[in-house]
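Undergrad: Here's a structure for you.
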Amino acid sequence: MVQIHSCAPAISFIGKLLPFANKWQCFCIWFIMLPDAYSWTSPKKGTVMNLFECKICSYIAFITQPQKCPVCGSQTFDQKDSIFEEAEKKSPEAPAKHIPVITVKTTCGLVPETPCMDATVRIGKVLHPMEEKHFISFMDCYVDKRYIARVMLSPRVNPAACFHLKTQGVTLTIVENCTVHGHWMAETDLKIAL
């Protein structure tokens, strides 16, 4: 069983960042419910992780503050090292409705002629509600803490997406934003999928 880690600032950076020049992703949104295949565990408390939130679009940068946001281009960030812990305190149903559930397949179903992986994500073991005032607004995908793509959501869709990854790496991270309960994160090891 793959362990999905909760949103405490305890995930350590594994390995070096890989060069990703001109290796942007192809992604689509799947409006389906994915099978309940993974469980989650809380990482060790007390480990410090540097996190920076874009003041405009809520993108989260790991390790160092970027020159500009890769999502909206803003140059204004706040350091929020405990952003995931704060979200966990807001919602007692955190594990069931907010932790992203990630499934990785080594063959790409949409673009089979290129070497890529499908990473399907749903929000919550119990599917997160998608209501007018309470919904998942986006999911960001990272490989080895390097930003890959964002999928924007609205209350009219299920909180699920598929990222068709061309990028190789060790760890896949998904960060989602709930309009009421804030940012949540899960990670999975890409080496297990290979």
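Laboratory data are not the source of any read-out in this text; all were calculated from the coordinates shown. What you see is a predicted model; the values in this text were computed from it and never measured. Quick reminder, even Gly has a Cβ in these numbers, built from the backbone with ideal geometry, and neighbours come from all protein chains shown.
Undergrad: Within region 101-194, which GluC sites (Glu not before Pro) sit in a loop by DSSP and count at most 10 neighbouring Cβ atoms inside 10 Å?
TA: E113, E132
Undergrad: Among 65-75, 147-157, how do they line up by average Cβ neighbours within 10 Å per residue, starting with the highest?
TA: Highest mean packing first, the order is 147-157, 65-75.
Undergrad: Now a separate question. Please give me, ordered by residue number, the GluC sites (Glu not before Pro) of region 72-112 that lie in loop per DSSP and have at most 12 other Cβ atoms within 10 Å.
TA: For GluC sites (Glu not before Pro) across region 72-112 that sit outside H, G, I, E and B with at most 12 neighbouring Cβ atoms in 10 Å, the list reads E93.
Undergrad: Would you mind ranking L110, L172, L127 by Cβ crowding within 10 Å, fewest neighbours first?
TA: So the residues, fewest neighbours to most, are L110, L127, L172.
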